[in-house]
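The values are calculated or read from the model by the stated rules, or taken from the named source; none is laboratory data. Just so you know, these numbers come straight off a predicted model, no measurement behind them. Glycine gets a Cβ as well: all are built from the backbone with ideal geometry, and neighbour counts include every protein chain shown. The protein model used for the area step is the full one, side chains on, heavy atoms only, and it has no ligands, DNA or RNA in it. Shrake-Rupley method; radii C 1.70, N 1.55, O 1.52, S 1.80 Å.
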Amino acid sequence: DRGRIYRIVPKAQAGTVRAARRPARLDRLAPSEWVAALDSPNGWQREMAQQLLIWRNDRGAVAPLEAQIHLMLRSQLPRAAELLPHVRLSLGKCLKVQGSLRKALEVWTAALHGLPVLPQPVLTAELSMNIADAYRSLGEGDRAVAHARKALSAARDARNLILEVEALRALALALRDI
């Protein structure tokens, strides 16, 4: 009639009216609910929950993240094994922002060593860059270089140019500090 599409909604099933799903307002949730959103099948929601956990720097987020990791470690579901490294990455970033660099390093190292058999080069690169940065901050240049090289290799495997540039930067910084 007006020649424009205002909203696309799914077709109703057998004459029923189905309301369009509202997007989640993550900014209005508590940190424990952001941790629950890390388990969402929606990629945008997972990424935004992780960003909010880091941006808000809420000390109350660490305990729910650790509890989520313990639940995932006990779970037999394949989805839990797939998401565990991502939750550990988030926990490590929260710990780093709060000043617990050694604990963050432990969490990231556990995540890197606990990756599933299937290769995940982007996640490997992100974890390795965080580990390299932590070792560099702690003054352990040789370890920083080793992990920065691993990050560069994983970024190249992922064929992700932006990640590759970030890994090169991490390697340059680590080499500079030796």
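For A63 and N160 in one chain, what is 0.36 nm times their gap in residues minus the Cα-Cα distance, to one decimal in nm?
31.6 nm
Using only Cα atoms, what Kirkwood radius does region 22-121 have, in angstroms?
Radius from the Kirkwood sum: 13.7 Å.
Counting alpha carbon pairs within less than 8 Å and at least 6 residues apart, what relative contact order, in whole percent, applies to the chain?
After rounding, I find 13 percent.
For region 112-178, state the average projected area of the convex hull of the C-alpha atoms over all orientations, rounded to one decimal in nm².
3.9 nm²
Considering only protein heavy atoms and a 1.4 Å probe, what is the carbon-and-sulfur percentage of the accessible area of the chain?
53 percent
How would H147, H86 line up by accessible area, probe 1.4 Å, largest first?
Sorted descending by solvent-accessible area, the residues read H86, H147.
Tell me the volume per residue, in Å³, of the convex hull enclosing the alpha carbons of the chain.
Expressed per residue, the convex hull around the Cα atoms of the chain is 180 Å³.
Rg to Rh ratio, region 79-148, alpha-carbon atoms and Kirkwood radius?
Radius of gyration relative to Kirkwood radius: 0.97.
Between D142 and N42, 0.36 nm times their residue separation minus their Cα-Cα distance comes to what?
Length gained between D142 and N42: 32.2 nm.
Could you give the longest part of the chain that holds none of the trypsin sites (Lys or Arg not before Pro) found in DSSP loops with at most 12 neighbouring Cβ atoms within 10 Å?
26-158
Could you report the chain's accessible area per residue, 1.4 Å probe, as an integer in Å²?
That works out to 64 Å² for each residue.
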